[in-house]
Amino acid sequence: MKKDVWIKEIMSLRVSNLSQKDITKILILFYLIEYKKFNTIINIKDIAKYIYEFYIDNPNISKHNPNSVIRNINKYNIEDVFQIVRIALYDWKTDYSDGCLSFTENEVFVEIDNIDDRFYATSILIAKMLYKKATMDDFNYSPNLFELNQINSYNLDYLNNTRLKNRVLEDMDYCCCCDNTEKLFIVNISDNNDMINNPYNYVTVCYEHYKLFCEKYYRFESNGQIKIFKEHPLLNSNMHISQKIMKNRKIEVE
Ligand SMILES: [Zn+2]
């Protein structure tokens with residue numbers, strides 16, 4: 001397919017004028033450009049992850065979505081967004097049917113000849129224009145947790161107000177001490193300053209176990225087992241982080 005077809009295609013993408021609007025199509029466009037996903041088979045789950053993280057990180061945008069899954073995205077998982085991506089792809093085809101984008105149940109493919117830097121520059125310009133028209137706001141989102149690069153001390157209260165918490169919650173949605181699923185916080189299992197920027201070193205705990213963690217009642221051993229420093233009725237030596245969660249994590253207790 002030719003580049004000018006693609007430009008016509010993305011210029012044709014429509015977002016409703018109503019107060020509730022779905023910008024998922026435009027987010028798919030940003031995903032394709034940001035990850036340079038042209039002439040390659042894309043798994044729908046990779047697009048869904050990007051869309052999911054965007055909506056979780058931007059509650060001011062997700063609250064205007066007509067779909068209640070997006071409006072309440074905190075209660076859902078990436079898998080719940082697959083269908084939303086499929087609907088957006090159908091919608092894309094309704095706006096422009098003979099374009100470069102094609103898809104099946106679980107895969108997306110965008111075929112374009114002779115891609116160069118100008119192609120990316122024009123595409124991103126159009127995507128930003130569409131986004132601004134739909135949201136009245138500038139697009140300045142990056143899924144990379146760049147804000148963590150600034151952090152050089154282990155301040156849990158602060159970290160619990162960053163997007164890092166959203167990423168950890170994608171993996172884990174219960175307290176690793178008591179399985180409670182309400183009001184979760186994140187703690188770094190390594191307790192080591194070199195590890196604070198690594199999202200894989202965090203686990204979720206409930207508010208009660210968060211307070212006890214902050215007051216150094218307990219930490220974890222390298223096998224995920226709890227290590228109690230001060231006795232407390234809410235702590236017992238059988239508590240441990242599940243092996244499934246431990247697989248990606250590395251504990252380095254100081
Ligand atoms: Zn708990």
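See the values below:
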quantity: The chain: most fluctuating residue of Asn193, Asn17, Asn161 per GNM, C-alpha cutoff 10 Å; calculated: Asn17
quantity: Within segment 157-213, GluC sites (Glu not before Pro) in DSSP loop having at most 11 other beta-carbon neighbours inside 10 Å; calculated: Glu182
quantity: Cleavage-rule hits, GluC sites (Glu not before Pro), segment 23-94, DSSP coil, Cβ neighbours within 10 Å at most 13; calculated: none
quantity: Evaluated over segment 87-242, the Cα radius of gyration and Dmax, each in Å; calculated: 22.4, 67
quantity: The chain - percent relative contact order, Cα under 8 Å, separation 6 or more; calculated: 16 percent
quantity: Relative contact order of segment 3-135, pairs being alpha-carbon contacts under 8 Å that are 6 or more residues apart, as %; calculated: 39 percent
quantity: MRE, 222 nm, helices only [DSSP H, n ≥ 4, -39500 (n - 2.57), over the chain, to nearest 500]; calculated: -11000 deg cm²/dmol
quantity: Residues with amide H under 5 Å from that of Leu184, placed H, sequence gap 5 or more; calculated: none
quantity: Distance from segment 88-131 to segment 163-178 (C-alpha centre basis), Å; calculated: 34 Å
quantity: Segment 18-123: trypsin sites (Lys or Arg not before Pro) in DSSP coil with no more than 12 other Cβ atoms inside 10 Å; calculated: Lys36
quantity: Simple label model, 7 Å out from Cα along Cβ direction - Ile87 to Glu34, nm; calculated: 2.2 nm
quantity: Sorted by Cβ neighbour density within 10 Å, fewest at the top, the residues Thr204, Thr122; calculated: Thr122, Thr204
quantity: Qualifying lysines (Cα of each under 18 Å from Cα of Lys183; at least 8 residues distant if same chain); calculated: Lys75, Lys165, Lys211
quantity: Segment 1-157: mean projected area of Cα convex hull, nm²; calculated: 10.4 nm²
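Coordinate-derived values only; no laboratory data. A quick note: this is a predicted structure, and the numbers were derived from the prediction, not measured. A quick note on method: Cβ atoms are made from the backbone with ideal geometry, for glycine too, and the neighbour counts reach across all protein chains shown.
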